[in-house]
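Data first, discussion second: the structure below is written as structure tokens.
The values are calculated or read from the model by the stated rules, or taken from the named source; none is laboratory data. Owing to the predicted nature of the structure, the values given are computational and were not obtained by experimental measurement. Positions of Cβ are generated from backbone atoms using ideal geometry, with glycine treated the same way; all protein chains shown enter the neighbour counts.
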Amino acid sequence: MGFPRDVPGVQGREPGGVCMGLSMGAVAPNDRNGARTGMRRRNASTAALLATVLFLLPLGVQGGAQARDLADLMKDRFPVAQGEATPDDSDQTVLARFYRGRGLKPLWVEHGEANAAARTVLTVLGHADEDGLNPNDYAPASLTAQQAHLDSPEAQAAFETNLTLGLVHYASDVSVGRIIPTLADPELVIDRPPFDRAQFLGGVASATDLGALLTGLAPHRPEYAALKAALAHYRQMKAAGGWPTIPPAPKAPPAPPPPADPANPTAPAPKPEKTSDALKPGMIDPRVPALRARLVATGEAKPLPVPLPKGTNPELYDDALATAVKEFQRRQGQEPDGAIGKRTLVELNATVDQRINQIIVNMERWRWEREPADQPYLVVNLADYTLSLMRGMDVQLTMRVVVGAPFTRTPVFIGNMSYMELNPYWYVPTKIAKEEILPKQKKDHSYVVKNHYTLLSDWTSNAVPVDPSSINWATVTERNFHWRVRQDAGNDNSLGRIKFMFPNKFDIYLHDTPSKRLFERAVRSFSHGCIRVQDPPNLALAILALTDTPGWPEEKLRAEIGGDSLKHQTIRLKNPLPVHITYITTVTDPDGGIDFRTDVYGRDARVLAALNGPRPRKPVVPAAVPAAAPTPGSAPNAAPNTVPAASGDAPKAAETPKPSVQGARTGATPAPVKAPAPAATPVPANANPAR
């Protein structure tokens, strides 16, 4: 609280206080009236200071006042809240409305003691770490100490208030997340689901089984349950000592240079062949025992028998160990080649604490998701490079995707797919036209024509084609390049033969691609931000069916995008399809275990830092919305559900992700270590390009 501005010794002191060149007991000869004025001001200041001190003292001991009962103290702690209740109300206001609504009757104190419900809550708060939360955020130790000394109405009122506040914070955190995503990372452009504190407290007051109510607050998804079980398992592994670190390859002495060619002594000597530090099957290496022990700890390998059979070399990288390494690589989303290179070594040497933190971060991400309704929606997990078309919890279709590279990262957000384009044009963003196409055209003046690009005179709707051969490319630079570049429809188009549009401020969309070979790779972060899909025809057919869009049987669609037709067409979906672009660095195995994914964008660290930081100051509760699929344009940051003309206008320039506007959160994401994060913070995505 603030202090009176004229109280000596505190901030906000007015001129004329103690530091005016005269001591407080001295009076200037010609200022008797001023002295009397100053005395009155000092008396007022003293009274104000006394009032402040009395307010800060525990109720009931102020100035020797008689002890007051708990009801009176609750009345003082929870004054009547003014106005209508809103989601932005402070915790104090929410608690005041709740307690006033129940006649100031305590929840947790009966006959001067903590009741059974209070003990249940204290137990739940003390086990918050099982859900990856920090129990200290809810003060169970302090509250447990308080309940042993409820020997005065003041202590009872403090205990009642603090326990309710701790419970509200815990319930919100475990239900919808502790942090606000966009405050933790501006590339997470999503809102948490709503949490109604007043409704929750009403449910607590009327609960016949409070323990069951509190246990049911966490997400009910199998992915969350798997992470919770994994968190307990990895903590047990930590208590047992974790796993060993695999040392780097020993440095070999430099190889002697190859002999010069005697037939041509003046020719330069050939360079020595580069040697690899990779540990490969069949090698004998002192690192093999540590590798085996590391994989035994996490279950991919079995230990060698004891005693060792005669002739067994524990330093031999044998076939059984190679199989275990391939399984480990598969579980990390890497190429399962059995070779221990730099990337695999980084994952092997991730500590048990790093894995625990990764689990905690992804538990928080799942808390941001709504429980899925029995409706269709599409999910892309950027960290797993996969797309899943869902109905409720049932997977209808899944396929590989290529996502933004680490320096053109795809943001996390939600949109509504409203239309598809067949045989699209690609209007090349200025940045790519200047930095990638221009150098190639300057080197080969036929590059634009050979790759089916058209130069347009300007960016207006009246632009006309320009003959590239009429331009003196030697004089063209990035500074004076002013043409618009459009790639014509066809199999060589960077967008392929179809794109899937869910208008958003990042100009991100899904699309076909002529570069099919990239889907064979385990790590697929190569695009400028947009998302390339492995099987566009089947995805389009599945979307048409799930959205009840008529008029496009399979034969017709495949004929339009698979034959010689280059006709540009727009298919408006009958019902919009929610699209969730997510980033989850753990995935659930069919057996219920979890696998890890490389944090290619470096986002885990930002979420973890926010989880370990202070509680956000932003209001706890967004406005409540029904759990239904978003209507067109209702999802955060979704552009109006409009469809461009068939000729196609250039998308607007991509923007850096900004905090999202309030909107409906519906649907859910299925479950989708660490490469070094970029040193600088690059622009997340130039999403319009498709390459």
Mind listing whichever residues of region 551-592 are over 30 Å from Asn491 (Cβ atoms) and either hydrophobic (A, V, I, L, M, F, W, C) or exposed (fewer than 14 other Cβ atoms within 10 Å of the Cβ) (or both)?
Ile584, Val587, Asp589, Pro590, Asp591, Gly592
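Could you look through region 444-461, keep only residues that are polar (S, T, N, Q) and exposed (fewer than 14 other Cβ atoms within 10 Å of the Cβ), and pick out the one that is farthest from the chain's Cα centre (by Cα)?
Let us first name the residues in region 444-461 that are polar (S, T, N, Q), namely 446, 451, 454, 457, 460-461.
With exposed (fewer than 14 other Cβ atoms within 10 Å of the Cβ) added as a condition, the list becomes 446, 457, 460-461.
Values: Ser446: 44, Ser457: 42, Thr460: 38, Ser461: 39 Å.
Among those that are polar (S, T, N, Q) and exposed (fewer than 14 other Cβ atoms within 10 Å of the Cβ), it is Ser446.
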Scan region 457-469 and tell me whether some residue there is of a type in the set (Gly, Ala, Ser) and either assigned by TED's automatic domain parsing to the domain that holds Glu554 or at pLDDT below 90 (or both).
yes
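Would you be able to tell me the number of residues in region 385-413 that are at positive phi and in contact with a Lys or Arg (Cβ under 8 Å, 6 or more places away or on another chain)? Full working, then the answer.
If we filter region 385-413 for residues that are at positive phi, which is where we start, we get 385, 392.
Going one step further and asking which of them are in contact with a Lys or Arg (Cβ under 8 Å, 6 or more places away or on another chain), we end up with 385.
So the count comes out to 1.
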(1) in a helix (DSSP H, G or I); (2) more than 30 Å from Asp589 (Cα to Cα): which one isn't true of Phe195, the others all being true?
(1)
Any residue at all in region 97-113 that is of a type in the set (A, V, I, L, M) and either over 38 Å from the mean Cα position of the chain (by Cα) or exposed (fewer than 15 other Cβ atoms within 10 Å of the Cβ) (or both)?
yes
Filter region 176-192 down to residues that are farther than 20 Å from Thr93 by Cβ, out of contact with any Ser or Thr (no Cβ under 8 Å at 6 or more places or on another chain) and of a type outside the set (D, E, K, R), then give me how many there are.
5
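Please determine, by comparing only the residues of region 397-418 that are polar (S, T, N, Q) and not in a strand (DSSP E or B), which one is surrounded by the fewest Cβ atoms within 10 Å (Cβ to Cβ).
The first filter runs over region 397-418 and keeps only residues polar (S, T, N, Q), leaving 398, 408, 410, 416, 418.
Narrowing further to those that are not in a strand (DSSP E or B): 408, 410.
Working: Thr408: 22, Thr410: 27.
Going through the qualifying residues, I end up with Thr408.
Which fully enclosed helices (runs of 4 or more DSSP H) of region 283-357 have 2 or more residues being among the small types (Gly, Ala, Ser)?
On the way: elements: 288-297, 319-331, 342-348.
Here the list reads 288-297, 319-331.
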Determine, yes or no, whether Ser142 is farther than 19 Å from Ala205 by Cα, hydroxyl-bearing (Ser, Thr, Tyr) and over 36 Å from the mean Cα position of the chain (by Cα).
no
